[in-house]
Amino acid sequence: MEKSVIVKNQTIRLQGMLGTAKADQGVVITHPHPLYGGNMDNSVVMQLTKSFAKKGFTTLRFNFRGTAGSTGMYDNGQGEQADVAAALQFLANQDITTLFLAGYSFGARINASVVSGGYEISDHIMVSPPVGFMSFDDIPALPRTGLILTGQEDDIAPPDMVQAQINRWKIAPRFEIIPGCDHFYGNCLELLGEIVENYLE
């Protein structure tokens, strides 16, 4: 069961949902672009939350600044990085010692900046990093990235462009391309969940 929480980031108050587990491992899950209707109730975010919870993780999904019940305004990806850091700190304050970070689309892009900036996490998962829509040129490295997924038909995160970035970062994550799936995971949510759960084994 999740409960409503407020994550404080200086003057910003972020609306979140916290699902607690007994283990000391937790994950922050970030949502798609708020200017295109993305929020923490997105179906992919919900699937990721469900999959992590099934594997015994404490989960925290939240709305970026200016989205739904979160205060502030959209900050073109800058303040949103501080939102992610605040969410990770919120989990750390719950005695979570093993921190995972997972994001979908815009959320994956923001998380990449946080990880590249040196924030210490245990593992990093990206679902459809939007390499065909946003530049990743300022991300020189992505340590601790264990799993990247995209759809075979995803034109916002095309598999070949994602692979090119993986090569540039010189990392060797598990890279899953879901057949027949586009950026919105309409009929692929169950398979997405299975891949994530299998990875978390």
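Bear in mind that the values in this text are calculations on the coordinates, not laboratory data. Because the structure is predicted, anything quoted here is derived from the model rather than measured. Glycine also receives a Cβ, built like all others from the backbone with ideal geometry; neighbour counts cover every protein chain displayed.
Taking amide H as placed 1.01 Å from N in the peptide plane, the amide H of CYS181 sits under 5 Å from that of GLN152, GLU153, each at least 5 places away or on another chain. Is the shape of region 36-102 best called rounded, prolate or oblate, per the rule: a/c under 1.5 gives rounded, else a/b larger than b/c gives prolate, else oblate, with a ≥ b ≥ c the square roots of the Cα gyration tensor eigenvalues? Oblate is the answer for region 36-102, as a/c is 1.5 or above yet b/c matches or exceeds a/b. DSSP finds beta bridges in the chain, and of those with both partners inside it, around 35 percent are antiparallel. Centroid-to-centroid, using Cα positions, region 29-81 and region 116-172 are 18 Å apart. The fewest-to-most ranking of GLU201, GLU80, GLU120 by surrounding Cβ atoms within 10 Å reads GLU201, GLU120, GLU80.
When THR71, THR11, THR49 are sorted by how many other C-beta atoms sit within 10 angstrom of their C-beta, beginning with the fewest, the order is THR11, THR71, THR49. By the count of other C-beta atoms within 10 Å, a proxy for reagent exposure, LYS55, LYS3 are ordered fewest to most as LYS3, LYS55.
Strictly over 20 Å apart at the Cα level, which of LYS22/LYS54; LYS50/LYS170; LYS8/LYS50; LYS3/LYS55; LYS22/LYS50 would you flag in this model? Flagged as over cut-off: LYS50/LYS170; LYS8/LYS50. Taking amide H as placed 1.01 Å from N in the peptide plane, the amide H of VAL5 sits under 5 Å from that of GLY16, MET17, LEU18, each at least 5 places away or on another chain. Placing one equal scatterer on every Cα of the chain and applying the Debye formula, the log10 ratio I(q)/I(0) at q = 0.09, 0.10, 0.14, 0.17 Å⁻¹ is -0.28, -0.35, -0.72, -1.12.
What the phi angles of region 8-15 give under the Karplus curve with 6.51, -1.76 and 1.60, with θ = phi - 60°, is a coupling list of 8, 10, 6, 8, 8, 10, 9, 6 Hz, glycine and proline written as x.
Please compute the contact order of region 34-131 in relative form: average sequence separation of alpha-carbon pairs under 8 Å and at least six residues apart, divided by the residue count, as a percent.
21
Couplings 3J(HN,Hα) of region 103-110, computed from phi: x, 10, 6, 3, x, 5, 5, 5 Hz, in residue order, whole Hz [Karplus 6.51 cos²θ - 1.76 cosθ + 1.60, θ = phi - 60°; x for Gly and Pro].
Hey, got a sec? Which trypsin sites (Lys or Arg not before Pro) in region 98-179 land in a DSSP loop and have at most 10 other Cβ atoms within 10 Å?
Sites meeting the loop and neighbour criteria: LYS170.
LEU142 sits among other residues whose Cβ lies under 11 Å from its own Cβ, and their net charge, with Lys and Arg +1 and Asp and Glu -1, is +3.
Under the criterion of Cα pairs below 8 Å and six or more residues apart, the relative contact order for the chain equals 19 percent. 3J(HN,Hα) couplings calculated from phi for region 39-52 with the Karplus curve 6.51 cos²θ - 1.76 cosθ + 1.60 (θ = phi - 60°) are, in sequence order, 7, 5, 8, 4, 5, 5, 4, 5, 5, 4, 4, 4, 5, 5 Hz; Gly and Pro show x.
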